[in-house]
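First up is the structure itself, then whatever we jot down about it.
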């Protein structure tokens, strides 16, 4: 077993009770990928690290990193919670879904590449008032690569033209120009506006996102298309996605006081 004592930056993505009074806390970390930490007696009143292990908390920690197996936290140097996400159940649902997708995309201990920073950026944008569906859709489209699915968005997959209307084709793994729509009767039949935004979302940097104002019809069409991609091309649906979908249908759904 490899062990080291290290300072690291971590983002709490989930927690679960363990044994009588302990917690298992799953974090994304800047140096070690996704890790699970065992915190003894963390469910007891007055636990000294309580504020540093709340969901949606970003902090600087000192840890006993063990791979494979459970790691341990020995100190919390700094911690801040995304307050708006923590207090708003709808924002909470969007943020939980993004983190659940990252959780599924990366095995324990595998380095996250750009996704540690992207996870922070996504939550910062949602917490700061950006449209949570737009931020989530960008994350969904860009996370396809982490799941081994890489749609070709740049130009027509057949002739590489960029001057004709596009549509998305699962069969060909990317966009087809109008000249080749006949090759796939099951193409998505998306509007030009939705295709424009999906192509943009595949390449935009999260730190470049400003207010993007989309019509409700466009947002719905894009979400249906992205859900179809995940259902047919990825094959994973986190529980957080089902909760988010229920929240959209019925904002009163969820934990009640």
(request) Please figure out what share of the DSSP beta bridges in the stretch 2-81 is antiparallel and state it in percent, rounded to the nearest 5. (result) 95 percent
(message) Along the Cα→Cβ direction, 7 angstrom out, place labels at residue 210 and residue 5. What is the inter-label distance in nm?
(response) 4.9 nm
(message) Looking at the chain as a GNM with Cα springs under 10 Å, which of 164, 220, 125 has the largest mean-square fluctuation?
(response) 164
(message) Between residue 110 and residue 237, what is 0.36 nm times their sequence separation minus the Cα-Cα distance? Round to one decimal in nm.
(response) 43.6 nm
(request) Quick one: angle between helix 89-105 and the longest Cα principal axis of the chain, in degrees between 0 and 90, rounded to 10, please. (result) 90 degrees
(request) Binning at 5 Å from 0, report for the stretch 2-81 what percent of all alpha-carbon pair distances ends up in each bin. (result) 3, 17, 30, 29, 15, 5, 0
(message) Within the stretch 124-138, name every residue whose backbone N is under 19 Å away from a label modeled 7 Å from Cα of residue 200 along the Cβ vector.
(response) 125-126, 129-138
(message) If each DSSP helix of 4+ residues adds -39,500 (n - 2.57) and the sum is divided by the residues in the chain, what number results at 222 nm, nearest 500 deg cm²/dmol?
(response) -10000 deg cm²/dmol
(request) Provide the descending list of Cα extents for the stretch 78-164 along its principal axes, expressed in whole angstroms. (result) 51, 32, 20
(request) Name the most mobile residue of 122, 191, 14, meaning the one with the largest mean-square fluctuation, in a Gaussian network model of the chain with Cα contacts below 10 Å. (result) 191
(message) Give the separation of the Cα centroids, the stretch 214-238 to the stretch 128-183, in Å.
(response) 12 Å
(message) If I stretch the segment between residue 60 and residue 149 completely, what's the gain in nm (0.36 nm per residue apart, minus their alpha carbon distance), one decimal?
(response) 28.8 nm
(request) Quick one: give the max-minus-min coordinate of the C-alpha atoms of the stretch 94-225 along each principal axis, largest first, in Å. (result) 42, 34, 22
(request) Please identify, among 78, 170, 20, the residue showing maximal mean-square fluctuation in a Gaussian network model of the chain using a 10 angstrom Cα cutoff. (result) 20
(request) Over 29 Å, how big is the tail of the calculated P(r) for the chain, in percent of all Cα pairs? (result) 37 percent
(request) Give, in nm to one decimal, the length gained when the segment between residue 88 and residue 249 is fully stretched (0.36 nm per residue of separation minus the Cα-Cα distance). (result) 56.3 nm
(request) Please find the FRET efficiency linking residue 74 to residue 124, where r is the Cβ-Cβ separation and R0 is fixed at 25 Å, and quote it to the nearest 0.05. (result) 0.35
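Here, each number is a calculation from the coordinates, and none is a lab measurement. Since the model is a prediction, treat every value here as computed from it, not as a measurement. A quick note on method: Cβ atoms are made from the backbone with ideal geometry, for glycine too, and the neighbour counts reach across all protein chains shown.
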